[in-house]
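Only one structure is covered here, and it is reproduced in the block below.
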Amino acid sequence: MRYRIIPVTPFEQNCSLLWCGSSGRAAVVDPGGDLPRILAAVEEEGVTLERILITHAHIDHAGAAGELAGQLGIPIEGPQQEDAFWIEMLPEQSQQFGFPPARRFVPERWLGQGDRVAIGEQVLEVRHCPGHTPGHVVFLHPGTALAVVGDVLFRGSIGRTDFPRGDHAQLLASIRDQLLTLDDAVAVIPGHGPMTTIGHERLTNPFLTRDLP
């Protein structure tokens with residue numbers, strides 16, 4: 001699995017382009033906005049975009065998903081269905097945060113714990129990690145030890161839980177049960193900021209070294 005991080009929106013959200021090196025088939029994770037920038041990256045890498053993946057439905061992660069799906073005629077998969085209310089609120093979210101008008105969408109497939117997503121010859125494992133939002137999922141590619149974790153975990157921090165249906169204890173449990181069970185060498189693409197590894201966060205992240213039960 002190959003990848004490229006494309007920072008988008010004024011929130012500098014890490015939209016990720018993932019593709020299969022042998023087939024050239026690709027998926028984009030969390031197209032929150034700036035579609036010309038995303039499509040330029042697709043063209044530069046010479047890949048064929050075949051699906052959109054969503055970790056959670058906050059505006060900076062999902063704001064342009066409906067428009068991109070309609071423009072290219074490709075399916076949206078994810079997040080988990082408990083985030084449906086956030087998708088319904090995309091137009092209101094765009095007004096609240098000063099984003100371009102966002103289109104509601106219905107994913108072709110809601111994703112849940114244990115689901116798998118194919119990108120060409122590569123397969124991503126889905127893990128449900130509620131807490132930041134109730135329907136948040138992360139995508140793991142075991143073969144290249146890569147995890148795209150949205151706003152669950154950051155370098156030195158964790159996701160906010162002061163939005164509707166956020167839950168700090170639930171987020172910590174998700175990190176403990178779904179991420180810290182991974183090998184230390186797993187590389188992490190967070191929703192914002194620099195990449196990290198599971199091992200680095202296990203040893204140095206104050207929210208994990210101090211707060212985990």
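Can you tell me the length gained on complete extension of the stretch residue 200 to residue 123, counting 0.36 nm per residue apart and subtracting the Cα distance?
Length difference between fully extended and current span is 25.2 nm.
For the range 128-133, just list the computed ³J(HN,Hα) in residue order, Karplus coefficients 6.51, -1.76 and 1.60, θ = phi - 60°, integers in Hz, with x standing in for Gly and Pro.
Along the range 128-133, the couplings run 7, 10, x, x, 5, 9 Hz.
Going through the DSSP H helices of the chain, which span 30 Å or more along their own axis at the Cα atoms while scoring at least 0.0 as a mean Kyte-Doolittle hydropathy?
Once both thresholds are applied, nothing remains.
Within a Cβ distance under 9 Å of residue 193, other residues only, what is the Lys/Arg minus Asp/Glu net charge?
That works out to 0.
Any idea how far apart residue 116 and residue 165 come out in nm if each label point goes 7 Å out from Cα toward Cβ?
2.8 nm
Under 9 Å from the Cβ of residue 20, count the other residues' Cβ atoms, weight Lys and Arg +1, Asp and Glu -1, and hand me the total.
With Lys, Arg at +1 and Asp, Glu at -1, the neighbours total +1.
Net charge near residue 135: determine it from the other residues with C-beta under 10 Å of the C-beta of residue 135, scoring Lys and Arg +1 and Asp and Glu -1.
Once positives and negatives cancel, what remains is -1.
Place a point 7 Å from Cα of residue 209 in the direction of its Cβ. Which residues in the range 164-200 have their backbone N less than 18 Å from it?
Of the residues in the range 164-200, 176, 180, 184-185, 196-200 have backbone N under 18 Å from the label point off residue 209.
Taking other Cβ within 10 Å of each residue's Cβ, how do 77, 121 sort, fewest first?
Neighbour counts put them in this order, fewest first: 121, 77.
No value in this document is a laboratory result; all are computed from the given coordinates. Because the structure is predicted, anything quoted here is derived from the model rather than measured. Reconstructed Cβ throughout: ideal geometry from the backbone, glycine too, with neighbour counts over all protein chains shown.
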